[in-house]
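Colleague: Take this structure, written in structure tokens, and hold onto it; I'll ask about it next.
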Amino acid sequence: QVQLVESGGGLVQPGGSLRLSCVVSGSSISIYFMGWYRQAPGKPRDMVAEIISGKWTNYADSVQGRFTISRDIAKNTVYLQMNSLKPEDTAIYYCKAGRGQDNYWGQGTQVTVSS
């Protein structure tokens, strides 16, 4: 069974940085379309960043140039480096592994950007 565990969230001041990690067990991340999503209170869950094949990446317009998604196949881990954080980045961040009709989610990690 595929399991995803996120970590790295927390409280940070505006302009600060955080790095989220998503450790995957049960299968190699190399065969999955990996992504980070976020959900703020009262809002839908939105895509933040996606990566596939270690080369192709895609970002939401709101985070382009500030966030970077990457993966380490040896560690079976996907990362989200978040720089120049803004209060509007506050949300629960979820990791997703997708392949065809199979989608797996982590439990989420809270990111709060506030002074």
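Colleague: In Å, what Kirkwood hydrodynamic radius results for the range 50-115 from the alpha-carbon pair distances?
Modeller: About 13.4 Å, per the Kirkwood formula over Cα pairs.
Colleague: Calculate the dipole size of the range 37-110 relative to its Cα centre from +1 charges on Lys and Arg beta carbons and -1 charges on Asp and Glu beta carbons; express the result in debye to the nearest 20.
Modeller: With Lys and Arg at +1 and Asp and Glu at -1, about 120 debye.
Colleague: Taking all pairs of distinct Cα atoms, average 1/r, flip it, and tell me the Kirkwood hydrodynamic radius of the chain in Å to one decimal place.
Modeller: For the chain, inverting the mean 1/r across all distinct Cα pairs yields 14.0 Å.
Colleague: Sticking with this structure for a sec: What range in the chain is the longest one free of trypsin sites (Lys or Arg not before Pro) that are in a loop by DSSP and have at most 13 other Cβ atoms within 10 angstrom?
Modeller: 1-54
Colleague: Another question about this same structure. If you take the Cα atoms of the range 1-53, find Rg, then find the Kirkwood Rh from the mean of 1/r over all pairs, what is Rg/Rh?
Modeller: 1.01
Taken together, the values in this text are just the output of simple stated rules run on the coordinates, not laboratory data. As the structure is a computational prediction, the values presented were derived from the model and not from experiment. Please note: Cβ atoms are built from the backbone with ideal geometry, for glycine as well, and neighbour counts cover all protein chains shown.
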